[in-house]
Amino acid sequence: IKAKGVDAIAVTSVNDVFVMDAWKKASGAEGKVDTFLADGSADFAKALDLTFDGSGNGLGVRSKRYCMVVEDGVVKTLHVEDAPGKAELSSADNLLKGL
């Protein structure tokens with residue numbers, strides 16, 4: 001992704017900083033992802049209107065799975081999954097196709 005000219009890669013999740021740190025270490029993303037951003041109250045996801053209600057599964061407000069390309073503060077590309085368990089539109093491979 002960075003070879004295609006992307007300056008920074010960030011991951012957000014409706015989790016706390018401790019979960020995000022554990023996820024970074026367990027996923028092998030250290031050194032590949034620049035920033036893991038904890039969005040514990042889903043404020044960022046809500047501001048983007050990218051939330052869903054997971055309370056039926058005991059999860060509360062969650063973030064939809066998505067990927068986006070932002071250039072100079074403007075969203076240029078946004079791919080949002082239509083179901084919580086999917087990771088097709090938001091995959092790195094799909095993102096690369098559009099770069």
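The values are calculated or read from the model by the stated rules, or taken from the named source; none is laboratory data. Small disclaimer: the values here were computed from a predicted structure and weren't measured. Virtual Cβ from ideal backbone geometry, glycine too; neighbours counted across all protein chains shown. To get the accessible areas, we keep the full protein, side chains included, count just its heavy atoms, and leave off ligands, DNA and RNA. Shrake-Rupley method; radii C 1.70, N 1.55, O 1.52, S 1.80 Å.
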Once Lys and Arg are counted +1 and Asp and Glu -1 for all other residues with Cβ under 15 Å from that of A42, the total becomes -1
Expressed in nanometres to one decimal, the distance between label points 7 Å along Cα→Cβ at L37 and F18 is 2.4
So, for the Cα atoms of the chain, Rg and Dmax in Å stand at 13.7, 41
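Share of the chain's accessible area from carbon and sulfur, percent, 1.4 Å? Kindly include the intermediate steps, with their values, before the conclusion.
Working: 3430 of 6700 Å².
Roughly 51 percent of what the probe reaches on the chain is carbon or sulfur.
Please give me the summed charge of the neighbours of A22: other residues whose Cβ is under 12 Å from its Cβ, Lys and Arg +1, Asp and Glu -1. Can you show the working numbers first?
Details: positive: K24, K25; negative: D16, D21, E30.
Result for the neighbourhood of A22: -1.
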Taking Cα atoms only, helix 17-27 is inclined relative to the longest principal axis of the chain by an angle, in degrees rounded to 10, of 50
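Ignoring everything except DSSP H segments at least 4 long, calculate the 222 nm mean residue ellipticity for the chain; use -39,500 (n - 2.57) per segment, divide by total residues, nearest 500.
-5500 deg cm²/dmol, from helical runs alone.
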For the stretch 1-37 the chymotrypsin sites (Phe, Trp or Tyr not before Pro) that pass both the DSSP coil test and the at-most-10 other-Cβ-within-10 Å test are none
Counting only protein heavy atoms and leaving out ligands, DNA and RNA, the solvent-accessible surface of T51 at a 1.4 Å probe, in Å² to the nearest 10, equals 40
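Accessible area per residue, 1.4 Å probe, Å², for the chain: what's the number?
Working: 6700 Å² over 99 residues.
Per-residue accessible area for the chain comes out at 68 Å².
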